[in-house]
1. What spacing in nm lies between the two simple spin-label points modelled at residue 64 and residue 88, each 7 Å away from Cα in the Cβ direction?
2. Using 0.36 nm per residue, how much length does the chain from residue 26 to residue 109 gain when fully extended, once their Cα-Cα distance is taken away?
């Protein structure tokens, strides 16, 4: 391969680095600075009235577990879509592809059954 083949990659790296540095520079130049040490004025609500109670409420761990499980099974679909596109090509070339994908699905379903039995998807106990 010639060095000209790597030119688009070099351009992309330079542009990504340049955009990142430009964003950081603009933020540094235009950002507001804390000029006073007034805790009430600098509070999250910025209304001048001291806030009552806890500002940041705590979320249940169930929300995070559900989100992680959603991401896990979303990634499963990301792996299944390319498999669906190339399935006919593999069949045309007599390459067995069904058993590996069935094993993949079996492991994922086994994980889902485990999560259901552990109660990870139940909101209230």
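1. Calculated label separation equals 4.6 nm.
2. Details: separation 83, 0.36 × 83 = 29.88 nm, distance 4.81 nm.
This chain segment gains 25.1 nm when fully extended.
Each reported figure results from applying straightforward, stated rules to the coordinates on display, with no laboratory input. Because the structure is a prediction, the values reported are computed rather than measured. Because the Cβ atoms are built from the backbone with ideal geometry, glycine has one as well, and the counts that use them run over all protein chains shown.
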